[in-house]
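We did not get these values from a lab; they are worked out from the coordinates using the rules stated. Just so you know, these numbers come straight off a predicted model, no measurement behind them. Every residue, glycine among them, receives a Cβ derived from its backbone with ideal geometry; neighbour counts consider all protein chains shown.
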Amino acid sequence: MNYRNGFLAAAAVIGLSVAALPAHAHPGKGGGFPPPGGPGACMPGGHGGGMSMLEGLDLTKQQRKKIDTILREAHDQDHADDMRDESSKIHQQIQDILTTPGPVDKDKIATLQQQQATLRAQAEARHLEVASRIHDVLTADQLAQVKARQTKIHDLMEQLREVEHPAPPASDK
């Protein structure tokens, strides 16, 4: 994966990070959250490990219960629709076309890519719906804490990018 795709993927994870919670959104308070690999981790795009933006927030028992319900509903919907399996099948079809001797059926690949794009758009819409529902559970202060954390992560990623890919030195001519 090249840098740009990796950065965009990381940015998507951060941007959608409110869409799910980790198993321990508030250590020590117990209750409500599903185990690792449970709801949230199984959402399309499966970035369960990167969805920890709400970790450390002081959520009330009622908030944890509401968020748990949101995540369980999303989890159940994801399993009912099975979009990941469909996406995997499409990916395999593309791989089959690209590894079969003879001319590549570019029209078939374009059709399959459009199907993948539709599935991604549906997954994105679901993530945003879940994020919106969780947003409505949080207080203004909690949202500010999430925003501050997202900003800090973004800034750190930018610093890392600058270290990994420094600007070329100005040449004297």
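Points worth noting:
- Contacts under 9 angstrom Cβ, first residue in region 104-123 being surrounded by 13 or more Cβ atoms within 10 Å (Cβ to Cβ), partner among the small types (Gly, Ala, Ser), 6 or more apart: Gln115/Ser87; Gln116/Ser87; Leu119/Ser87; Arg120/Gly45; Arg120/Ser87; Ala123/Gly45; Ala123/Ser87
- Scan of region 124-152 for residues that are surrounded by 14 or more Cβ atoms within 10 Å (Cβ to Cβ) and not in a helix (DSSP H, G or I), ordered by number: Leu138
- Residue check for Gln92: touching a His at 6+ places or on another chain (Cβ under 9 Å) and part of a helix (DSSP H, G or I): no
- Answer from Asp78, Asp155, Asp68 - the residue that is loosely packed, with under 13 Cβ neighbours inside 10 Å and part of a helix (DSSP H, G or I): Asp155
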